[in-house]
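*Asks:* Supplied in structure tokens, the structure appears directly below.
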Amino acid sequence: MFKSSLYHFTTSACSLARHFTLVLLILFASSVRAEEVTLNFSDADLTAVVNSVSQITGKNFIIDPRVKGKVTVISSKPLNANEVYNVFLSILQVHGFSTVPTKNAIKIIPDAAAKQDAAPVVNSVSRKDGDQLVTKVVQIKNVNATQLVPILRPLVAQQGHLAAYAETNVLIISDRASNIHRISQIIRQIDKQADSDIEFIKLEHAFAAEVVRLLTTLSANNPGKKKASGAAVKFSADERTNSILLSGEKKERLKYRSIIAELDQPVDSSGNIHVVYLRYAEAENLAKILGSVGKEVLKAKSKNAGAAKAQGNSTLNIQPDTVSNALVITAPMSIFRSLRSVIQQLDIPRAQVHIEAIIAEVSVDSSNELGVQWLIDGTPDGNPALSTNFAGSGTPITNLAAGAASAIGDGLTLGLGRLDHNTLNFVTLIRALSGDSDSNLLSTPSIVTLDNQEAEIIVGQNVPFVTGEFSNTTGSTGVANPFRTIERQDIGISLKVKPQINEGNTITMDIDQEVSNISGSATGAVDLITNKRSLKTMVQLEDGEMLVLGGLIDDVLVETEQKVPVLGDIPILGALFRASKMTKKKRNLLIFIRAEIIKDPAKARTLSRAKYNFIRSEQLGKREEIDPLVPVLEALEKNEAEHPLDASDQP
């Protein structure tokens with residue numbers, strides 16, 4: 001009996017000495033204050049680790065005989081007693097053991113038996129509670145607790161417990177405190193009142209567009225579930241508010257709400273390089289904005305974090321990739337979250353504007369001309385003794401007398417007289433001309449452009465204008481090294497516009513409209529005269545409204561009269577000694593503008609289809625009139641199945 005007691009005492013003394021040595025090593029390895037230790041175990045016995053933790057924390061442990069194993073812990077940071085205990089709980093969790101607190105001691109038993117033991121029941125847990133095995137009763141308010149069990153069961157550890165009590169609509173969860181905290185957050189996001197067919201779920205950590213992409217892929221890979229459950233759940237991302245819209249049956253939405261809640265968890269990035277693919281914005285333009293914003297965010301965080309800490313996290317670099325329209329951002333995760341929020345609000349689809357201009361111009365030119373010219377010859381040598389010649393009365397009478405009959409101008413030219421008398425010859429030339437010229441210009445240029453993006457359309461010709469010439473004459477050899485400089489200008493109809501969509505579907509437009517043409521029948525590039533009517537203004541109009549921009553009315557009346565003094569003033573007979581000409585020019589020009597906002601693809605298809613069908617109808621008309629072999633555009637009916645239109649979208 002004495003030998004046995006002595007043996008046990010010796011064995012206990014040796015074991016105690018070994019444990020005491022481990023404690024001393026831990027205490028001597030402390031790098032900070034005396035109450036903090038640095039844990040470093042290399043293939044140590046689990047029982048010895050329990051003894052060391054008991055010495056550090058002052059807690060009593062009861063070890064199950066099945067608790068065995070080797071422990072390796074590497075640490076470079078000193079820990080206080082609470083932190084050591086949390087690390088100890090993680091060590092037990094890795095080896096498949098749990099702690100069950102009792103009144104005077106803490107039992108260490110396998111996980112399989114822990115959930116059936118007296119695990120503490122708590123009302124609230126946090127991540128700081130670590131890997132302590134606890135039990136929590138969660139009250140479900142809006143959804144059926146039984147429906148949550150198959151959704152949440154995969155999130156509970158294998159040795160944990162999850163059950164629903166239908167009478168009081170509660171969930172009973174036994175698991176590690178940190179995992180129960182995570183499940184409680186997911187339940188809070190799922191347990192929301194949702195009587196309508198559409199739910200609005202705001203995300204805190206994940207990005208709405210990426211979550212919708214994952215859910216869409218998940219839904220597409222399960223076609224059997226769609227048929228079994230009826231109407232499929234539809235997803236839509238609102239990147240401006242970083243939210244997801246769910247529509248469908250309530251039971252099906254509940255499943256996806258749990259998936260969304262699981263995905264919307266904070267994740268620490270392992271690196272500082274992030275690639276963001278843009279959908280609508282241009283990477284090069286957005287990189288400039290984010291560069292300025294990032295510097296301000298970095299400056300604000302540097303003031304809050306202190307100079308020493310900010311020194312190591314001050315890397316910020318944003319590079320655009322124009323080929324893939326993406327941004328490569330090098331920044332700490334905290335700054336990247338702020339930049340990503342800015343990207344979500346700027347990378348949104350921009351509305352388009354369809355602009356039509358109506359240019360109507362009516363020109364009327366009329367002229368009336370009447371003149372009488374005299375030529376009297378009474379001299380022996382045959383030279384004219386008396387003649388009247390009025391400018392603007394056609395060919396001078398002297399040219400006709402010299403035999404230039406080919407120079408007779410337009411209109412009626414009547415000659416009377418006597419040319420074979422020996423003493424007195426005379427000729428009277430009467431000219432009458434009336435001219436009318438009407439022209440009608442109707443043009444409807446149209447253009448589609450993005451919101452706040454300038455666009456220009458030109459319909460006309462590129463006409464050469466001589467701006468200078470040079471020639472060097474070298475005697476008998478003629479001209480040497482001649483050259484002429486020519487400048488080309490656009491002549492025709494041009495429309496330059498920059499729309500801006502305001503709140504309430506009001507459109508502000510900066511418009512530059514020009515109508516120009518070449519005056520006269522000039523054939524070369526010299527002395528060309530161009531008629532130009534231009535309008536430059538800024539207007540505001542409602543969506544779909546037509547507005548007159550301006551009008552130009554040009555009315556010119558020119559009356560010219562030439563006469564012989566005294567003789568031209570004689571009543572009635574004076575008409576034989578005068579010439580009169582009246583020219584009247586009248587031009588009416590009106591410009592109208594109409595703008596329509598294109599907010600969705602259906603509206604764009606409607607406008608495009610209307611223009612397409614108009615051209616096709618014109619081709620069909622030409623085919624019937626001219627040649628049945630004239631090529632015609634294909635009908636659009638074959639595309640209706642791919643892009644169906646609503647009744648309200650029909651043209």
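*Asks:* Can you sort Glu239, Glu282 by 1.4 Å-probe accessible area, starting with the largest?
*Replies:* Details: Glu239 30, Glu282 115 Å².
These residues rank, largest area first, as Glu282, Glu239.
*Asks:* Between Thr560 and Lys532, what FRET efficiency comes out of the Förster formula 1/(1 + (r/R0)^6) with R0 = 22 Å and r the beta carbon distance, rounded to 0.05? Can you show the working numbers first?
*Replies:* Working: r = 27 Å, r/R0 = 1.23.
Computed FRET efficiency for Lys532 and Thr560: 0.25.
*Asks:* Turning to a different aspect of this structure: Can you tell me the length gained on complete extension of the stretch Asn389 to Lys77, counting 0.36 nm per residue apart and subtracting the Cα distance? If you can, show how the numbers build up before the last one.
*Replies:* Values: separation 312, 0.36 × 312 = 112.32 nm, distance 11.80 nm.
Working it through step by step, the gained length comes to 100.5 nm.
*Asks:* Can you pull the percent of segment 521-629's accessible area that's carbon plus sulfur, 1.4 Å probe, other chains left in place?
*Replies:* Numbers: 4280 of 7580 Å².
Answer for segment 521-629 is 56 percent, counting heavy atoms of protein chains only.
*Asks:* So how much accessible area does Phe470 have, in Å² to the nearest 10, using a 1.4 Å probe?
*Replies:* Probe radius 1.4 Å; accessible area of Phe470 about 100 Å².
*Asks:* Now for a separate question. Find out how many positive minus negative residues lie around Ala579, taking Lys and Arg as positive, Asp and Glu as negative, among other residues whose Cβ is under 13 Å from that of Ala579.
*Replies:* On the way: positive: Arg431, Lys563, Arg578, Lys581; negative: Glu369, Glu559, Glu561.
Here the charged neighbours net out to +1.
*Asks:* Want the number for Thr508 to Lys611: 0.36 nm per residue separation, take away the alpha-carbon distance, what's left?
*Replies:* Length difference between fully extended and current span is 34.6 nm.
*Asks:* Given the peptides 624-635, 488-499, 569-580, arrange them by the average over their residues of other C-beta atoms within 10 Å, most packed first.
*Replies:* Working: 624-635: 9.4, 488-499: 18.2, 569-580: 14.6.
The densest-packed peptide leads the list: 488-499, 569-580, 624-635.
*Asks:* Between Ile570 and Ile198, with labels modelled 7 Å along Cα→Cβ, what's the label distance in nm to one decimal, could you check?
*Replies:* About 9.5 nm separates the two model spin labels.
*Asks:* Within 9 Å, Cβ to Cβ, of Ala157, how many net charges do the neighbouring residues add up to if Lys/Arg are +1 and Asp/Glu are -1? It would help to have the intermediate numbers written out before the result.
*Replies:* Values: positive: Arg176; negative: Asp111, Asp175.
Local charge sum for Ala157: -1.
*Asks:* Along the Cα→Cβ direction, 7 angstrom out, place labels at Lys299 and Met333. What is the inter-label distance in nm?
*Replies:* In this crude spin-label approximation the distance works out to 2.7 nm.
*Asks:* Among Val539, Val353, what's the order by accessible area (1.4 angstrom probe), most exposed first? Each step should come with its number before you reach the end.
*Replies:* Details: Val539 25, Val353 0 Å².
From most exposed to least exposed: Val539, Val353.
*Asks:* Given a 1.4 angstrom probe, what's the average accessible area per residue across segment 554-640, in square angstrom? Don't skip to the answer; put the middle values down first.
*Replies:* Values: 6020 Å² over 87 residues.
Heavy-atom SASA per residue in segment 554-640 reads 69 Å².
The values are calculated or read from the model by the stated rules, or taken from the named source; none is laboratory data. Because the structure is a prediction, the values reported are computed rather than measured. Ideal geometry is used to build each Cβ from the backbone, glycine not excepted, and the neighbour counts take in all protein chains shown. Keep in mind that these areas ignore ligands, DNA and RNA; they rest on the heavy atoms of the full protein, side chains included. Shrake-Rupley method; radii C 1.70, N 1.55, O 1.52, S 1.80 Å.
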